[in-house]
Amino acid sequence: MAIMIPLSVPSLQGNEWQYVKECLDTGWVSSAGKYVELFEQKIAEFTGTKYAVACVNGTSALQVSLHLSGVQSGDEVIVPTLTFIAPINAVAYNGASPLFMDADKDYNIDTEKTIEFINKETVFKDGFTYNKLTNSRVIAIIPVHVFGNAAWMDELIPLCEERNINVVEDASESLGSVYKEGNYKGKHTGTIGKLGCLSFNGNKIITTGGGGMILTDDEELADKARYLTTQAKDDPVRYIHHEIGYNFRLTNIQAALGVAQLEQLPKFLERKQEITRQYRIALDEIDGLTLANVPDYADNNHWMNVLQIDNAVYGEDRDSIMQRLEKNRIQTRPVWALNHLQKPYKDCQSYKIEKAEELVNNSLCLPSSTNLSDEDLNKVIDILGG
């Protein structure tokens, strides 16, 4: 049987074995050891942020970042409905409720509708923004840079600053995406809001197996994040704790993987761009299929290539295409089910959800691994064209 062409898997072809072996040889395998701080330093340097705090995964990074942003029980946090469920769960972990927004054509949060909601459906009083419908405080927003596409933030950030709504970026999928136009030209995703979060899950552009990172330019926030993610130790010798902390610190072994992976990131980004280029050229020749556009105001990392399907023209719908590719040992996946329809959140408020429904029904994620060979890429294209 032919080997499955996977959707998105890591490429471990650098110094991973050497650095991990050093951890094993020296016994530094837990959350202490040189690689944790080294990984934080290297990520901060790469993204241009002042501080980076390593966590066990991207979800924990989001959970702590929302806590640091003042999110409390009874508050509301603006989120996109079209995203992986992790940022939504992070809101719930803090006792708050998600407030769902639509997607734009690039799969990101619709900033125009979000701005409209803030201006029309909330009031600003006593230094905070309140939802007119629920009277709950709207204390934060999580723009997610979906599939590596940088969300447009130019109008959103100033309004959020004016309304005291803290911006926590979810850059889990967009490490390496950089704005080339607008107010944030030259800045990496994840470095624009009060806090930003990365994920190093096995399917991301670099991996630590499972891991995450909090980014910020605020030294006080970085120190508090490091304090909270290591069980809030006020006296680590006598085990004195003045706050409730979390066991969220990344291990040295994972960080060693991360350092080795980060060394290879430039070539990973280059390969991702080439995969996208080849998909786009080929799919332009197939009626009814297109590769989803990426925003032209940023150099995006092309983490995931997404097929958009015109059922009437192509003569086959998303699920049928997915099944046909699976029969040929090619792994694909639909876009996530919309979060405002998920059972735990179906009673939460949503605002003018329209485009997201269209995107979910007509989109299919294609194999996009950095180690995807040209031969396998052409196999995917040939079957789609067949």
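The values are calculated or read from the model by the stated rules, or taken from the named source; none is laboratory data. Because the structure is a prediction, the values reported are computed rather than measured. With ideal geometry, Cβ positions are generated from the backbone for all residues, glycine too; neighbour counts draw on all protein chains shown.
Data table
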| item | result |
| --- | --- |
| Meets criteria (among the β-branched types (Val, Ile, Thr), modelled with pLDDT of 95 or more, closer than 30 Å to SER369 by Cα and in the same structural domain as VAL36 (by TED's automatic domain parsing)) for THR251 | yes |
| Selection count where residues are surrounded by fewer than 18 Cβ atoms within 10 Å (Cβ to Cβ) and polar (S, T, N, Q), scope region 8-26 | 4 |
| Residue within region 84-100 that is under 30 Å from LYS327 (Cβ atoms) and either free of Cβ contacts under 8 Å to residues at least 24 places away in the same chain or within 19 Å of the chain's Cα centre (by Cα) (or both) present | yes |
| Index of the failed condition, SER177 passing every other in (1) out of contact with any Lys or Arg (no Cβ under 9 Å at 6 or more places or on another chain); (2) on the phi > 0 side of the Ramachandran plot; (3) in contact (Cβ under 8 Å) with a residue 12 or more places away in the chain | (2) |
| Residue match in region 270-284 (condition: closer than 30 Å to GLU37 by Cα, surrounded by fewer than 20 Cβ atoms within 10 Å (Cβ to Cβ) and without any contact (Cβ under 8 Å) to a residue 24 or more places away in the chain) | yes |
| Strands (runs of 3 or more DSSP E) within region 111-153 that include 2 or more residues under 17 Å from the mean Cα position of the chain (by Cα) and more than 22 Å from LYS355 (Cβ to Cβ) | none |
| Yes/no for ILE244 being in a helix (DSSP H, G or I), of a type outside the set (Asp, Glu) and either without any contact (Cβ under 8 Å) to a residue 40 or more places away in the chain or in contact with a Pro (Cβ under 9 Å, 6 or more places away or on another chain) (or both) | no |
| ALA44 within 27 Å of LYS187 (Cβ to Cβ) and surrounded by fewer than 22 Cβ atoms within 10 Å (Cβ to Cβ) | yes |
| Residue match in region 141-163 (condition: of a type in the set (D, E, K, R), surrounded by 24 or more Cβ atoms within 10 Å (Cβ to Cβ) and under 28 Å from GLU270 (Cα atoms)) | no |
| SER31, sole failed condition from (1) out of contact with any Lys or Arg (no Cβ under 8 Å at 6 or more places or on another chain); (2) at pLDDT below 95; (3) hydroxyl-bearing (Ser, Thr, Tyr) | (1) |
| Only listed residue being over 30 Å from GLN308 (Cβ atoms) and modelled with pLDDT of 95 or more, chosen from PHE39, PHE100 | PHE39 |
| Members of region 150-174 found to be at positive phi and small (Gly, Ala, Ser), listed by number | none |
| In region 211-230, residue nearest to the chain's Cα centre (by Cα) [restricted to those that are part of a loop (DSSP other than H, G, I, E, B) and surrounded by 18 or more Cβ atoms within 10 Å (Cβ to Cβ)] | GLY211 |
